[in-house]
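Read the structure below first, then the notes.
The values are calculated or read from the model by the stated rules, or taken from the named source; none is laboratory data. Not measured: the values here are computed from a predicted model. All Cβ positions, glycine included, derive from the backbone under ideal geometry; neighbour counts span all protein chains shown.
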Amino acid sequence: MPCRVYSKTVSALFLLLFMCACAASRHTTQMHRVKAGFSGSAAATSGQDNYLRELEKKVYASASAGKFKSHTDPVELLELGAAYDYQGEFKKSNKVLEEAYRIYNAQEERAIVSLSAISTQIGEASISEGMGDYQLANYEKVLLHSLKAMNYLMQGDPAAARVEIERAYIRQKLIRERSGMELAKAKASYDRTIQRAENASRSRRGGVNLRNTFSPDTMIAEGRLSSRDMKMTQNLRSSYENAFTEVLSSVVYGLNGELDNSLPPLRRAVEISNNPFVRRDKIRLEAIEDGQPRAVKDNFYLFVFAGYAPEKRKQSIMLLNPWTGALNKVSYGKPVLQPSAVTRVDVLDADGNRIDSAPLLSRVSALALKDYDEKLPIIAMKAMSRLIVQSIKDYKLRENMGDLGSFLGSVINLVVENADLRAWTLLPDKVLFYSGYIEKPRVTIIIQRRGAVEIFRGEVARNPEKETVVFVRAWDNSARIFHKDF
Amino acid sequence: MTQRLDLKFHRLIWIVLVLVTAGCAAKAQYVEPTRVRANPQLAFNPNDLQMIAGKMAESLLATDIFDPAEKPIIRITEVKNKTSEHIDTKAITDKVRTTLIKSRKVKFVADKREAGAEQDMLKEFEQQMDPSGKGALMDDKAKLRPGKLKGPKYHLFGEIISIANVDKAGKDVYYKMTLNLMNLEQGTLDWSEEKEVRKVKDRSVFGR
């Protein structure tokens, strides 16, 4: 093929693929606009409507008819689902999140053995991060069902919430069973790519050892979490187990009259959270199970979502390729914390007396960091596979076009190589929890931010004969409160 | 000449493709409610409802628990959904109840969870007994008579569970529905039945 035609073809192909990966790298910027709409005061509603419309345009073919586009990236569905949830549109939120569930479930079933899933992996292993649809992180899959369960509770449907809890447990079980699969696939792909490169350049490598040159270990060392971030994850067993899902499960089973099923999730939650109310709930339920006469179950459950889950920022490693002499780049997305300003949540009775405060139950940010730490070897292997594929391409360009080919190869690599910055950023930074037995019909929730500044005061008018679940979504300057009696 | 033939041939191919595609568009049609699709969905679907709920009710009627002369009253509560799918268990409960009612061997009281049923009844009584409202306009003989409310003798309740397995060979989903009849006078379980449905889908080489 003539040089000019070859270079035009290669350039056009990579430009097209670059545009595909670009969408994945714009997610963080787009979500900043959405979050700006949330964090204003309660009176600033026009901005909030705009951000919701922006998200809806990406998801719906017809918003009024509730008809989804034929193809939507799951991350857009997740973000819109969370946005609806925080607006109190629980039914809409569940509809959107159910669509996200349908897509990720189909992705997973195809990933076990399928040609279409392999094509996405080929894109990520040869061109750029962020090719193809967003693949939910393990903690996001579990929290999707937890959020849906909370939505059903806020609609007064504990039976439907129970279905979502079952789905969360099935998902955790599947994640556990398949935990080594993704790493094994990435390693197999990496080995195949190295072999291809070695075959392509058997006698012409000039003594360069490809396995040493393209070893993932250097990138793993560069990409490690900081010691501060590592400290946040040290109490976590895995990224897909979290105390919020366990405690919510316990509440849901309890509301469905299944006290025997309520206890195991609390026992698991106690192992992974220092929240004192979880421990106290466990003791109370064990007392009820033992038939102790004065044992009383809690009738008031408060869950507070505060702040935002981590965003991803682009990290790039530049290196001079000893094999091709070209300047190459590998990029990947690394989570960056967005800590919440909320410091304290107090629960007061109708007379203004402080009953207690709601301490930390789960840190979703820690789950995101743990997920990144677990996935880093896979990210590194995929990045090295991409680099090897780029090197083979650069080598052929150099063979066809000499130094100009090397230069063109470098430029293409530097432009096309992008990081996948997609993540479910509207999840909260942390979940706070209080539970207790409250006999009064009115309860006040007060939320403070740094500097003991009160940002929210909300009243819950409830039936003390029933069990009450309260869900609060708090941002840095405001909050919204929802509740249901059962 | 050859080129013109080629062009005509290509045009013909395009026309045929368009017609075939248009002809392949999905069409809706009416079918019998009991018809079973050759390639059933793995999720719980109307066929499963027919299969399970109808057979459970028939199994209960085939026993000699109910005295037709007595026509005992049953309270039925919505079947509990312990699966990981959103199943309309009210539809299952309604199917069972309708089959039993049609047999004319039993009667039912409204389920406590049926929205507004009990409230409607109480409201109707209140209105008919109100001498200054509706009650004043009604024929005394047509009014509801207090002291006639009957309680149930039996309680029918149950649950549905599922187990799903996905592996390289395909997907395997198992449903089991259990229904129990409790004698409220004696506190005994007079009848219990379970029905199972298992669906298997082998993985295709291409597509889903």
### Query
Any idea how many residues of segment B:156-192 are within 14 Å of another protein chain (Cβ to nearest Cβ), exposed (fewer than 11 other Cβ atoms within 10 Å of the Cβ) and modelled with pLDDT of 90 or more?
0
### Residues that are touching a strand residue (DSSP E or B) at 6+ places or on another chain (Cβ under 9 Å) and either at pLDDT below 85 or surrounded by fewer than 20 Cβ atoms within 10 Å (Cβ to Cβ) (or both), drawn from segment A:308-327
A:R313, A:K314, A:Q315, A:S316, A:I317, A:M318, A:L319, A:L320, A:N321, A:A326, A:L327
### Query
So, of the residues in segment A:72-86 that are touching a residue at least 40 places away in the same chain (Cβ under 8 Å) and of a type outside the set (A, V, I, L, M, F, W, C), which turns out to be nearest to A:R473 (Cα to Cα)?
A:Y86
### Message
Within segment A:221-231, does at least one residue satisfy the condition of being farther than 23 Å from A:V364 by Cα and either out of contact with any Phe, Trp or Tyr (no Cβ under 8 Å at 6 or more places or on another chain) or surrounded by fewer than 14 Cβ atoms within 10 Å (Cβ to Cβ) (or both)?
### Response
yes
#### Entry: Index of the failed condition, A:V469 passing every other in (1) in contact with a Lys or Arg (Cβ under 6 Å, 6 or more places away or on another chain); (2) in a helix (DSSP H, G or I); (3) within 30 Å of A:S249 (Cβ to Cβ)
(2)
### Query
Out of curiosity, is B:K123 modelled with pLDDT under 80 and either assigned to a helix (DSSP H, G or I) or not hydroxyl-bearing (S, T, Y) (or both)?
no
### Summary
Note on A:N235: of the conditions (1) assigned to a helix (DSSP H, G or I); (2) within 20 Å of the chain's Cα centre (by Cα), unmet is (1)
### Query
Which numbered condition trips up A:K393, out of (1) within 30 Å of A:D476 (Cβ to Cβ); (2) out of contact with any Ser or Thr (no Cβ under 8 Å at 6 or more places or on another chain); (3) of a type outside the set (A, V, I, L, M)?
(1)
## Note on the structure
Given the conditions (1) of a type in the set (K, R); (2) under 30 Å from B:T93 (Cβ atoms); (3) at pLDDT below 85, every one holds for B:K195 apart from (3)
### Query
Pick from A:S316, A:S362: which is closer than 22 Å to A:E241 by Cβ and under 30 Å from the mean Cα position of the chain (by Cα)?
A:S362
### Query
Only one residue in A:A168, A:A188 is in contact with a His (Cβ under 8 Å, 6 or more places away or on another chain) and either surrounded by fewer than 16 Cβ atoms within 10 Å (Cβ to Cβ) or closer than 16 Å to A:S250 by Cα (or both). Which one?
A:A168
### Message
Quick test of your reading of the structure: A:G156 fulfils all but one of (1) in contact with a helix residue (DSSP H, G or I) (Cβ under 6 Å, 6 or more places away or on another chain); (2) within 13 Å of chain B (Cβ to nearest Cβ). Name the failing condition by number.
### Response
(1)
### Task
Quickly run through segment A:171-185 and pick out the residues that are closer than 30 Å to A:S250 by Cβ, more than 10 Å from chain B (Cβ to nearest Cβ) and in a helix (DSSP H, G or I).
A:Q172, A:K173, A:I175, A:R176
### Message
Looking at segment B:70-93 only, could you name the residues that are crowded, with 16+ Cβ neighbours inside 10 Å, in a strand (DSSP E or B) and either on the phi > 0 side of the Ramachandran plot or more than 8 Å from chain A (Cβ to nearest Cβ) (or both)?
### Response
B:I74, B:R75, B:I76
### Summary
Among A:A350, A:A366, A:A383, A:A358, the single one that is within 30 Å of A:Q172 (Cβ to Cβ) and touching a Pro at 6+ places or on another chain (Cβ under 8 Å) is A:A383
### Query
Looking at B:V106, B:V96, which is the one that is touching a Lys or Arg at 6+ places or on another chain (Cβ under 7 Å) and within 30 Å of B:T188 (Cα to Cα)?
B:V106
### Task
Report yes if B:G135 is part of a loop (DSSP other than H, G, I, E, B) and farther than 30 Å from B:S84 by Cβ, otherwise no.
no
### Query
Is it the case that some residue within segment A:263-279 is in contact with a Gly (Cβ under 9 Å, 6 or more places away or on another chain) and within 14 Å of chain B (Cβ to nearest Cβ)?
no
### Message
Name the residue that is surrounded by the most Cβ atoms within 10 Å (Cβ to Cβ), counting only residues in segment A:128-153 that are of a type in the set (D, E, K, R) and within 14 Å of chain B (Cβ to nearest Cβ).
### Response
A:K148
### Query
Within segment B:158-185, can you find the residues that are in contact with a Gly (Cβ under 6 Å, 6 or more places away or on another chain) and among the aliphatic types (A, V, I, L, M)?
B:L179
